[in-house]
Amino acid sequence: MLPNFPKFVPEDNKPVNRTVNVDDQLYQYLVDVSVREDDLLNALRRETAQYHMARMQLSPEVGQLLALLVKMQAPKKLLEIGVFTGYSTLSMAMAMPENARLIAIEKKQMWLDIATRYLEQAKVMDRVTTYCDKALPVMTSFLEEQKGTFDFIFIDADKQNLLAYYDLAKQLLRPGGCLLIDNTLWWGNVADEAFTDKDTQIVRQLNTYIHQDDEVDLSLIPIGDGLTLVRKHA
């Protein structure tokens with residue numbers, strides 16, 4: 001017996017098939033049958049839950065996808081913009097080849113201290129260089145000698161500078177390299193015209209900007225809070 005697929009009528013060249021709606025029951029199923037969360041990652045997620053900004057933390061299924069992409073790409077030089085307590089940092093660092101190096105930038109020392117503690121427990125701190133600073137000046141300083149040398153870049157930081165992060169990251173990325181941006185569905189607010197706050201508008205602008213950028217390939221994946229994958233043309 002065929003599944004009871006929802007019926008969609010083609011209109012204005014819109015696709016008939018679409019991504020399934022993920023309610024709480026289906027989300028739990030997704031986690032149950034696909035997520036294999038390392039004990040250290042689980043401990044970090046639980047520790048982070050005590051903070052009022054805990055919703056900024058990457059969800060376990062996104063962290064796992066990030067790690068899988070790192071394993072598939074086998075990048076040697078990685079850059080992370082926005083560490084928070086380090087769930088994404090730890091996910092990438094544990095998935096990297098032994099000869100790879102990750103540069104992670106976080107402007108708040110409190111969050112970086114937590115991330116560092118878990119990186120040390122995972123015995124990968126020797127492959128990670130951290131900067132406690134604002135990302136824009138650090139990224140700009142890299143342009144002179146490291147332009148076009150990064151294999152893999154992940155952006156999960158403040159939305160105010162999102163467009164600048166994208167432009168700088170694209171310059172730092174090598175041809176054929178992979179760039180990921182988190183929160184590109186922004187709690188679903190980007191699709192609701194009622195939301196006109198600055199952050200929502202900036203995420204909308206970025207999504208349109210990337211869509212119109214003919215120097216990259218892209219896919220916006222409806223996982224977590226929306227994850228955009230970009231490949232810089234060779």
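The values are calculated or read from the model by the stated rules, or taken from the named source; none is laboratory data. Keep in mind that this is a model prediction, so the values were computed, not measured. Glycine also receives a Cβ, built like all others from the backbone with ideal geometry; neighbour counts cover every protein chain displayed. Ligands, DNA and RNA are excluded from the accessible area calculation, which covers all protein heavy atoms including side chains. Shrake-Rupley method; radii C 1.70, N 1.55, O 1.52, S 1.80 Å.
Scanning region 174-189 for residues that are over 10 Å from Arg231 (Cα atoms), touching a residue at least 24 places away in the same chain (Cβ under 8 Å) and either out of contact with any helix residue (DSSP H, G or I) (no Cβ under 9 Å at 6 or more places or on another chain) or open to solvent by 20 Å² or more (accessible area, probe 1.4 Å) (or both) returns Asn183, Leu185, Trp186, Trp187. Being among the hydrophobic types (A, V, I, L, M, F, W, C) and part of a strand (DSSP E or B) is the requirement here; does Ile181 meet it? Yes, satisfied.
Within the bounds of region 138-146, is there any residue that is among the hydroxyl-bearing types (Ser, Thr, Tyr), surrounded by 14 or more Cβ atoms within 10 Å (Cβ to Cβ), over 24 Å from Asn183 (Cα atoms) and more than 16 Å from the chain's Cα centre (by Cα)? Within region 138-146 (the criterion being among the hydroxyl-bearing types (Ser, Thr, Tyr), surrounded by 14 or more Cβ atoms within 10 Å (Cβ to Cβ), over 24 Å from Asn183 (Cα atoms) and more than 16 Å from the chain's Cα centre (by Cα)), the answer is no, since none of the residues qualifies.
Here Tyr209 clears all of (1) surrounded by fewer than 17 Cβ atoms within 10 Å (Cβ to Cβ); (2) among the aromatic types (Phe, Trp, Tyr); (3) in contact with a strand residue (DSSP E or B) (Cβ under 7 Å, 6 or more places away or on another chain) except the condition numbered (3).
Based on this model, can you work out whether Lys232 counts as in contact with a strand residue (DSSP E or B) (Cβ under 8 Å, 6 or more places away or on another chain), at pLDDT 95 or above and open to solvent by 30 Å² or more (accessible area, probe 1.4 Å)? The answer is yes for Lys232.
Checking the structure you have, find out if any residue of region 154-163 is farther than 21 Å from Ala54 by Cβ, without any contact (Cβ under 8 Å) to a residue 12 or more places away in the chain and part of a helix (DSSP H, G or I). No, region 154-163 contains no residue that is farther than 21 Å from Ala54 by Cβ, without any contact (Cβ under 8 Å) to a residue 12 or more places away in the chain and part of a helix (DSSP H, G or I). Contact map, region 64-93: first residue of a type in the set (A, V, I, L, M, F, W, C), second residue in a helix (DSSP H, G or I) and open to solvent by 30 Å² or more (accessible area, probe 1.4 Å), Cβ cut-off under 8 Å, separation 6 or more or different chains; pairs are Ala67/Met94; Phe84/Met56; Leu90/Leu40; Ala93/Arg127. Annotation note: of Ala100, Ala104, the sole residue that is in contact with an Asp or Glu (Cβ under 8 Å, 6 or more places away or on another chain), touching a residue at least 24 places away in the same chain (Cβ under 8 Å) and of a type in the set (Gly, Ala, Ser) is Ala104. Do we find that Gln121 is under 22 Å from Leu229 (Cα atoms) and open to solvent by 10 Å² or more (accessible area, probe 1.4 Å) in this structure? For Gln121, the condition - under 22 Å from Leu229 (Cα atoms) and open to solvent by 10 Å² or more (accessible area, probe 1.4 Å) - is not met. Of all residues assigned to region 119-131, at least one qualifies as being touching a residue at least 40 places away in the same chain (Cβ under 8 Å), assigned to a strand (DSSP E or B) and within 22 Å of Ala93 (Cβ to Cβ).
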